[in-house]
Amino acid sequence: MSILSVEQLHKSYGDKVLFDSISFTITKKERIGLIGVNGTGKSTLLKVIAGLDSKESGTMNHANDFRVEYLNQDPELEMELTVLEQIYYGDSTIMKVMRGYEQTLLELEGDPENPKLQNKLLQVQQQMDEHAAWDANSTAKTILTKLGVTDFNKKTMYLSGGQKKRVAIAKALIQPADLLILDEPTNHLDNETIEWLEGYLPQYKGALILVTHDRYVLNRITNRIYELDKGKLYIYDGNYQMFLEKKAEREELEIQDEQKHKNTLKREIEWLKRGAKARSTKQKARIQRVEQLKEVKHDTNKQSLDFQVGSNRLGKKVLELEHVSKSFGDINLLEDFNLLVTPEDRIGIIGANGSGKTTLLNIMAQRETPDSGSIDVGSTVKIGYYTQDHSEMDESLRIIEYIRAVAEVVHTADGEVITAEQMLERFMFSRAQQWTYIKKLSGGERRRLYLLRVLMEEPNVLFLDEPTNDLDTQTLGVLEDYLDQFPGVVITVSHDRYFLDRVVDKLIAFEQTGKTNQFYGNYTEYLEKNKLEQKSADDKSKKEPRKSRNNKKQKLSYKEQQEWDKIEDKIAGLEEKLETIAADIAAAGSDLGKVQELYQNQEDTETELEHAMDRWTELSILVEEIENDKA
């Protein structure tokens, strides 16, 4: 069932056409991944769909009550609002009810014996019942908790940058919407949070369209890929893997079509040159046909990042850190850290945001001084450092001037000389665009340009701090291929699991404050090891008798008591709902569309029941412990 139909959408920016009369339809519960080279207009397309940017021409048709929720790359939040006030925004009834409930609870905590507030709470609880808002309220807090935000009444102004991004994501996920639009939701999130998001998005009730460089997310969530390329929109059924296969087939067909076109044009020109006898009207028609064939363009000249820049010779001694410690205030980021880096090492640094990953990279690059310990750098080491912050770019420079400031030419591993202009072309900056000012580039284009500048320094040790942020999937794929051939050392901080699996064979994991663990293998292997260790620990804890707690609760909190009073009825209701769905499935017969919808409903309800049962277990254990303590 279609929820949004777009016809002949056209928009340009200066002399650059972003959408050349593109058309598409979004259906209910569709999962769309939007990809394309940075600067092609992906974010602009999302904003046009969300009604936040204008179009030059075209139509967009949807129902009158059609609701869109949009998560920007850099979300704007109200600094004076608390976390819960922030996410329960909007004019929908359920949001208003939940806002009122949470506000009353907050007031009651300050004055628990106030009879007016107690009566008010009874009223808002009745409203929560009438609008079935308890599940939405529980889901909202679960999402916030899973995203690492636990202080619900804290004002947004006091949150860190990473926490603000998490609140914005929760805000987008909680709002009732027909279409959820996410623009780079995984940027600046740690691996654990991304994995949770990857598990949650398939359960989202509405349709979804997202831009992300995370290829695991694209592969595991999407069922359709939209590729925006030079103003045209190509649509592929399937996930990211299917897209790669079908795109290769499309490009092969384009090459074949171009060859057929060339052959036809050649035959027509030869016919005209021979002056073959024909009626004048036919001859004129042939001339017109040749002119038309000359006008036809085939996009088979694919720009490529495939290259092998040479590097300076690297000796046997690279980098050694001994007994390094570093703290900021009372927070210890590194304690007695040791590391020996050898030639051709591929090392990934992982951990939660704020754990000290970038600090470690800066210490290795000797941009920061440790509190104690020593750093020994080999005499032949030439470091190329790709930082998260490229604000030092002089926006008044033209693209070509920015690159020439590093080198006029570079040398490949085979001794070939490549000019700055040629390198820029390989990085998808055309000769005409090379004279554009940096200030006119998109964020992703600037990152691509900055990456090229780092590589043109011909380093033999590459430090990459979150290189996947803001780079498109095509650029990332070629960067990974380049790193495969890079003859030096690569040390990278990244939350991109696909990138880590492709590039590194050793990990430095920040697992506790100041403590690191060095693991030989890629990120997926590291995860598997952790899961096995956690399972072993869980099995062991089940066998050990429960230890008494020092800080025992005297009674359930007000919220816990409310939840405990309602949870058995909730479980019974879900069990009845499952019985009804099973009967509906049996009655649906051969109506495949109806059966598929019912199966999805059944799966969602079973998941909800499982969560409710888990919560009942937690609360029942707590109630039992409180009663035993009283006895």
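The values are calculated or read from the model by the stated rules, or taken from the named source; none is laboratory data. This one's a predicted model, so the numbers in the text were calculated from it and none came from an experiment. For neighbour counting, all protein chains shown are included, and Cβ atoms are generated from backbone atoms with ideal geometry for every residue, glycine included. Just so you know, the surface numbers come from the protein's heavy atoms only, side chains and all, with ligands and any DNA or RNA stripped out. Shrake-Rupley method; radii C 1.70, N 1.55, O 1.52, S 1.80 Å.
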(request) Determine the pairs where a residue that is over 13 Å from Gly100 (Cβ atoms), located within segment 127-147, has a partner that is among the basic types (Lys, Arg) with Cβ atoms under 6 Å apart, the partner being 6 or more residues away or on another chain. (result) Leu147/Arg166
(request) Out of the residues in segment 329-338 that are over 31 Å from the mean Cα position of the chain (by Cα) and under 17 Å from Asn517 (Cα atoms), state the one that is surrounded by the most Cβ atoms within 10 Å (Cβ to Cβ). (result) Phe337
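Would a scan of segment 27-35 turn up a residue that is β-branched (Val, Ile, Thr), within 22 Å of Pro176 (Cα to Cα) and open to solvent by less than 30 Å² (accessible area, probe 1.4 Å)?
Taking segment 27-35 as the starting set, the residues that turn out to be β-branched (Val, Ile, Thr) are 27, 32, 35.
Cutting the leftovers down to within 22 Å of Pro176 (Cα to Cα) gives us 27, 32.
So of that shortlist, the ones also open to solvent by less than 30 Å² (accessible area, probe 1.4 Å) come out as 32.
Yes; the residues of segment 27-35 include at least one that is β-branched (Val, Ile, Thr), within 22 Å of Pro176 (Cα to Cα) and open to solvent by less than 30 Å² (accessible area, probe 1.4 Å).
Checking the conditions here, which among Ala170, Ala132, Ala136, Ala140 is closer than 27 Å to Gln203 by Cα, in contact with a helix residue (DSSP H, G or I) (Cβ under 7 Å, 6 or more places away or on another chain), open to solvent by 20 Å² or more (accessible area, probe 1.4 Å) and among the aliphatic types (A, V, I, L, M)? If you could, list the steps in order and put the result at the bottom.
Numbers: Ala170 fails: open to solvent by 20 Å² or more (accessible area, probe 1.4 Å); Ala132 fails: in contact with a helix residue (DSSP H, G or I) (Cβ under 7 Å, 6 or more places away or on another chain); Ala140 fails: open to solvent by 20 Å² or more (accessible area, probe 1.4 Å).
From the options Ala170, Ala132, Ala136, Ala140, the qualifying one is Ala136.
For (1) assigned to a strand (DSSP E or B); (2) within 25 Å of the chain's Cα centre (by Cα); (3) at pLDDT below 95, each residue gets a yes or a no:
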{"site": "Lys29", "(1), (2), (3)": "no, yes, yes"}
{"site": "Ile32", "(1), (2), (3)": "yes, yes, no"}
{"site": "Asn38", "(1), (2), (3)": "no, yes, yes"}
{"site": "Gly51", "(1), (2), (3)": "no, yes, yes"}
{"site": "Lys55", "(1), (2), (3)": "no, no, yes"}
{"site": "Asn64", "(1), (2), (3)": "no, no, yes"}
{"site": "Glu69", "(1), (2), (3)": "yes, yes, yes"}
{"site": "Asp74", "(1), (2), (3)": "no, yes, yes"}
{"site": "Leu77", "(1), (2), (3)": "no, yes, yes"}
(message) Criterion first (of a type in the set (Lys, Arg), assigned to a strand (DSSP E or B) and modelled with pLDDT of 65 or more) does Lys317 satisfy it?
(response) no
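Just checking, which of Val381, Val377, Val410 is crowded, with 16+ Cβ neighbours inside 10 Å, modelled with pLDDT under 90 and over 28 Å from the mean Cα position of the chain (by Cα)? Don't jump to the end; show me each part of the working.
On the way: Val381 fails: modelled with pLDDT under 90; Val377 fails: modelled with pLDDT under 90.
Residue meeting the stated conditions: Val410.
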(message) Cβ-Cβ under 6 Å, sequence separation 6+ or interchain: first residue in segment 421-447 and open to solvent by 10 Å² or more (accessible area, probe 1.4 Å), partner assigned to a helix (DSSP H, G or I) and at pLDDT 85 or above. Which pairs?
(response) Thr436/Ile399
(message) Report every pair of residues separated by at least 6 positions or lying on different chains whose Cβ atoms are under 9 Å apart, first residue within segment 313-331 and on the phi > 0 side of the Ramachandran plot, second in a strand (DSSP E or B) and open to solvent by 30 Å² or more (accessible area, probe 1.4 Å).
(response) His323/Asp336; His323/Asn338; His323/Ser372; His323/Gly373; His323/Ser374
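Rundown of residues vs (1) within 16 Å of Met393 (Cβ to Cβ); (2) not hydrophobic (A, V, I, L, M, F, W, C), yes/no style:
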| residue | (1), (2) |
| --- | --- |
| Arg446 | yes, yes |
| Arg453 | yes, yes |
| Leu462 | no, no |
| Leu476 | no, no |
| Tyr482 | no, yes |
| Gln485 | no, yes |
| Val493 | no, no |
| Leu507 | no, no |
(request) Out of the residues in segment 144-167 that are surrounded by fewer than 21 Cβ atoms within 10 Å (Cβ to Cβ) and aliphatic (A, V, I, L, M), state the one that is farthest from the chain's Cα centre (by Cα). (result) Met157
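Would you confirm, using the coordinates I've provided, whether Lys154 is without any contact (Cβ under 8 Å) to a residue 40 or more places away in the chain and basic (Lys, Arg)? Outline the logic, then answer.
Working: without any contact (Cβ under 8 Å) to a residue 40 or more places away in the chain: no; basic (Lys, Arg): yes.
So Lys154 does not fit the description; no.
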(message) Looking at the structure I just gave you, is Thr186 touching an Asp or Glu at 6+ places or on another chain (Cβ under 6 Å) and either open to solvent by 20 Å² or more (accessible area, probe 1.4 Å) or under 30 Å from Ser23 (Cβ atoms) (or both)?
(response) yes
(request) Taking Gln512 as the residue in question, decide whether it is surrounded by fewer than 14 Cβ atoms within 10 Å (Cβ to Cβ) and of a type outside the set (Ser, Thr, Tyr). (result) yes
(request) Please find, within segment 84-114, the residue that is least open to solvent (accessible area, probe 1.4 Å) out of those that are charged (D, E, K, R) and at pLDDT below 85. (result) Glu102
(request) Any chance you could count how many residues in segment 286-314 are open to solvent by less than 80 Å² (accessible area, probe 1.4 Å), modelled with pLDDT of 55 or more and part of a loop (DSSP other than H, G, I, E, B)? (result) 6
(request) Could you grab me the full set of residues in segment 215-232 that are surrounded by 18 or more Cβ atoms within 10 Å (Cβ to Cβ) and outside any helix (DSSP H, G or I)? (result) Thr222, Arg224, Ile225, Tyr226, Glu227, Leu228
(request) Filter segment 233-246 down to residues that are part of a strand (DSSP E or B) and either closer than 23 Å to Asn191 by Cβ or of a type in the set (Ser, Thr, Tyr) (or both), then give me how many there are. (result) 2
(message) Six or more apart or on different chains, Cβ atoms under 6 Å: show the pairs whose first residue is in segment 38-49 and of a type in the set (A, V, I, L, M) and whose second is assigned to a loop (DSSP other than H, G, I, E, B).
(response) Val48/Lys55
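Return yes or no: is Met456 at pLDDT below 85 and either among the hydrophobic types (A, V, I, L, M, F, W, C) or open to solvent by less than 50 Å² (accessible area, probe 1.4 Å) (or both)? I'd like the intermediate steps shown before the answer.
Numbers: at pLDDT below 85: no; either among the hydrophobic types (A, V, I, L, M, F, W, C) or open to solvent by less than 50 Å² (accessible area, probe 1.4 Å) (or both): yes.
The answer is no for Met456.
Mind checking whether some residue in segment 420-428 is under 25 Å from the mean Cα position of the chain (by Cα) and either farther than 17 Å from Leu397 by Cα or modelled with pLDDT of 85 or more (or both)? Explain how you work it out, then say what you get.
From segment 420-428, those under 25 Å from the mean Cα position of the chain (by Cα) are 427-428; that's our starting set.
If we keep only those that are either farther than 17 Å from Leu397 by Cα or modelled with pLDDT of 85 or more (or both) as well, we get 427-428.
Yes: one or more hits.
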(request) Report, by residue number, each residue of segment 396-407 that is open to solvent by 70 Å² or more (accessible area, probe 1.4 Å) and of a type in the set (D, E, K, R). (result) Glu401, Arg404
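Answer yes if at least one residue in segment 115-125 is within 30 Å of Met242 (Cβ to Cβ) and surrounded by 13 or more Cβ atoms within 10 Å (Cβ to Cβ), and no otherwise.
The initial filter retains those residues of segment 115-125 that are within 30 Å of Met242 (Cβ to Cβ), namely none.
Within segment 115-125, none of the residues are within 30 Å of Met242 (Cβ to Cβ) and surrounded by 13 or more Cβ atoms within 10 Å (Cβ to Cβ).
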